[in-house]
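Below is one structure, written out as structure tokens; comments come after it.
The values are calculated or read from the model by the stated rules, or taken from the named source; none is laboratory data. All figures in this text were calculated on a predicted structure; none of them were measured in a lab. Cβ sites come from the backbone with ideal geometry, for glycine too, and all protein chains shown count toward neighbours. Ligands, DNA and RNA are excluded from the accessible area calculation, which covers all protein heavy atoms including side chains. Shrake-Rupley method; radii C 1.70, N 1.55, O 1.52, S 1.80 Å.
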Amino acid sequence: MINQMPSLSSMYRFQWEEAQSSYVLLYPEGMVKLSRTAGEILKRVTGKTTVKQLVSDLETEFPGSDLEPDVLNFLTEAKKNGWISF
Amino acid sequence: MAGSLSSISGKPLWLLAELTYKCPLQCPYCSNPLEISKYSNELTTDDWFRVLREARALGAMQLGLSGGEPLVRKDLEEIIAEAHRLGYYSNLITSGVGMDADRVAKFKTSGLDHIQISFQASDKELNDFLGGTSSFAHKLEMARAVKDQGYPMVLNIVLHQKNIEQLEDIIKMCVELKADFVELASTQYYGWSRLNIDYLLPTREQVTKAESIAKRYQTDLEGKMKILYVVPDYYEKRPKACMNGWGSIFLTIAPDGRALPCHAAATLPDIEFPNVRDNSIESIWDDSNAFNKFRGFAWMEEPCRSCPEKEKDFGGCRCQAYMMTGNAAAADPVCDKSPHHAELQAEVALIEKTSANKNEPLIFRTMKNSKKYQIDKKLNLSQN
């Protein structure tokens, strides 16, 4: 997974919602409010960034911990939900 | 609804814009009010722009463009473009009649996110009979055009006694059309469908069978096509969490500008629903008596008031409670804790027993029938 470039599924739209103070995923007649971590990860899911780059980018912005296991867990879950594809 | 709105923010998240009650179809289970013929005074394009802007400022994200048939509105493209500019996720809820491949493409350019097409049945004969118009072939064509444009597509089929036996064919049709989501929505009995309940209510046996078919396909098609099966609540023991609670996340604006906590709420007595022509969305949502009337839990009576499940189902549906008990604050009689539950069960049992022998015609949703209903209602009132 680490060298793959995930992208958001065409079914979903990802955006910042001021009223919710969070990132959300919007899809036909529904929405998911994302946690801060989930939002920061999905923001970097562009189809042009490898998971490896994504992790290192996050670790630069939020220094002090090894984020790789969390990111991999989240991406696996997101793929299962159909939010992203590799 | 294909998705869910889990977050409760205290502000509207879902705006349902009923742009018009005009419709080329005449489905006898239509969820529009019986009084559709009275709604001639439709909001203007600018009114809708203001509604969209104000609801979005409060936090609404999902926009349903519905009706009637929203395609009847000539300004639909403009409304879609404004919704897109404001950052809504826009859902066009349509019969497909009034659309062609060009218009589907234009909607895409205007920023429409998703199209939901309704089918009445899986074959031409029944579909066209129920819709009161020859539309089946066109619907198939439009479903293909929607997929060609790369939209996510939801197909919606309202289930009832007349089509529930063909559920398997309905699902197969959806697979063939490459639907992303399928909503199998059991008829809810208000307005038109209530008038026709004797002909529409499926038997318990039919419902049990349909449920097992839906479940089987849900498993078989996992990851390919999502199937949402809405059970008919008359056969349940607990009510639906109607609208996720009154004035909680849903805001409906009727074609004449009346703001409603749900699209059926206008049937409730003694509530003056505020109009967007005279009020801001914020004051309607926060301050109006109508939106506060059944908000939260303080309005509840027993058995809801002390019920440990009240935060799960909010006492069920207010319209159903009023329709069956004469009291809009009563527990939804679908709940077996309601003192009226036995009456509901008896009514359902009677319909189950007699419906096979009914030969009278269905009452279709037409302006003519709507006017006739008004007159009948007036006559009944004067007799009382």
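Of all residues in the range B:140-155, those being assigned to a helix (DSSP H, G or I) and touching a Ser or Thr at 6+ places or on another chain (Cβ under 9 Å) number 1. Go through the range B:19-39 and count every residue that is within 15 Å of B:Gln374 (Cα to Cα) and out of contact with any Pro (no Cβ under 7 Å at 6 or more places or on another chain). Total satisfying the criteria: 7. Between B:Ala137, B:Ala121, the distinction of being buried (at least 20 other Cβ atoms within 10 Å of the Cβ), among the small types (Gly, Ala, Ser) and either assigned to a helix (DSSP H, G or I) or touching a residue at least 24 places away in the same chain (Cβ under 8 Å) (or both) belongs to B:Ala121 only. With B:Lys215, B:Lys224 as the choices, which residue is in a loop (DSSP other than H, G, I, E, B), out of contact with any Asp or Glu (no Cβ under 7 Å at 6 or more places or on another chain) and open to solvent by 30 Å² or more (accessible area, probe 1.4 Å)? None of the others qualify; the one that does is B:Lys224. Give me the pairs: first residue in the range B:330-352 and part of a helix (DSSP H, G or I), second residue open to solvent by 60 Å² or more (accessible area, probe 1.4 Å), beta-carbon distance under 7 Å, and six or more apart or on different chains, which are they? From residues that are part of a helix (DSSP H, G or I), the pairs are B:Glu352/B:Arg204. Any idea which residue in the range A:23-37 is nearest to B:Trp14 (Cα to Cα), counting only those that are open to solvent by 10 Å² or more (accessible area, probe 1.4 Å), more than 7 Å from chain B (Cβ to nearest Cβ) and part of a strand (DSSP E or B)? The qualifying residue nearest to B:Trp14 (Cα to Cα) is A:Val32.
Any residue at all in the range B:227-241 that is crowded, with 22+ Cβ neighbours inside 10 Å, in contact with a Cys (Cβ under 7 Å, 6 or more places away or on another chain) and not acidic (Asp, Glu)? Checked against the condition, which is being crowded, with 22+ Cβ neighbours inside 10 Å, in contact with a Cys (Cβ under 7 Å, 6 or more places away or on another chain) and not acidic (Asp, Glu), the range B:227-241 yields at least one hit. For B:Asp128, only one of the following conditions fails: (1) open to solvent by 40 Å² or more (accessible area, probe 1.4 Å); (2) out of contact with any Lys or Arg (no Cβ under 9 Å at 6 or more places or on another chain); (3) more than 14 Å from chain A (Cβ to nearest Cβ). What is its number? B:Asp128 satisfies every listed condition except (1).
Selection of the range B:297-322 for residues being more than 27 Å from B:Thr187 (Cα to Cα) and not polar (S, T, N, Q) yields B:Phe297, B:Ala298, B:Trp299, B:Glu301, B:Glu302, B:Arg305, B:Cys307, B:Pro308.
Taking into account only those residues within the range B:89-112 that are part of a loop (DSSP other than H, G, I, E, B) and in contact with a His (Cβ under 8 Å, 6 or more places away or on another chain), which is farthest from B:Gly150 (Cα to Cα)?
The extreme case among them is B:Gly96.
Inspection of the range B:97-117 identifies at least one residue that is among the charged types (D, E, K, R) and within 14 Å of chain A (Cβ to nearest Cβ). May I ask you to say which residue of B:Arg258, B:Arg295, B:Arg305 is charged (D, E, K, R) and in contact with a strand residue (DSSP E or B) (Cβ under 6 Å, 6 or more places away or on another chain)? After ruling out the rest, the residue left standing is B:Arg258. If you go through the range B:254-275 and keep only what is in contact (Cβ under 8 Å) with a residue 40 or more places away in the chain and under 13 Å from the mean Cα position of the chain (by Cα), you end up with B:Ala254, B:Cys262, B:His263, B:Ala264, B:Ala265. Filter the range B:244-297 down to residues that are of a type in the set (Phe, Trp, Tyr) and part of a helix (DSSP H, G or I) and give me whichever is nearest to B:Leu13 (Cα to Cα). Only one residue fits best here, namely B:Trp285. Here is a check on your reading of the model: is A:Leu58 over 30 Å from B:Gln116 (Cα atoms) and either facing chain B (nearest Cβ under 9 Å) or touching a Lys or Arg at 6+ places or on another chain (Cβ under 9 Å) (or both)? Considered against the rule, which asks whether it is over 30 Å from B:Gln116 (Cα atoms) and either facing chain B (nearest Cβ under 9 Å) or touching a Lys or Arg at 6+ places or on another chain (Cβ under 9 Å) (or both), A:Leu58 comes out as yes. Residues that are among the β-branched types (Val, Ile, Thr) and under 22 Å from B:Asp102 (Cα atoms) were ranked within the range B:46-86; the one that is nearest to the other protein chains (Cβ to nearest Cβ) is B:Ile80. Restrict the check to the range B:41-53 and report whether at least one residue is at pLDDT 95 or above, part of a helix (DSSP H, G or I), under 30 Å from B:Asp128 (Cβ atoms) and touching a strand residue (DSSP E or B) at 6+ places or on another chain (Cβ under 9 Å). The answer is no; no qualifying residue exists. From the list B:Val207, B:Val182, the lone residue that is open to solvent by less than 40 Å² (accessible area, probe 1.4 Å), closer than 21 Å to B:Tyr29 by Cα and in a strand (DSSP E or B) is B:Val182. Across the range B:10-40, the qualifying residues are those that are within 14 Å of chain A (Cβ to nearest Cβ) and in a loop (DSSP other than H, G, I, E, B), and the one among them that is surrounded by the fewest Cβ atoms within 10 Å (Cβ to Cβ) is B:Gly10.
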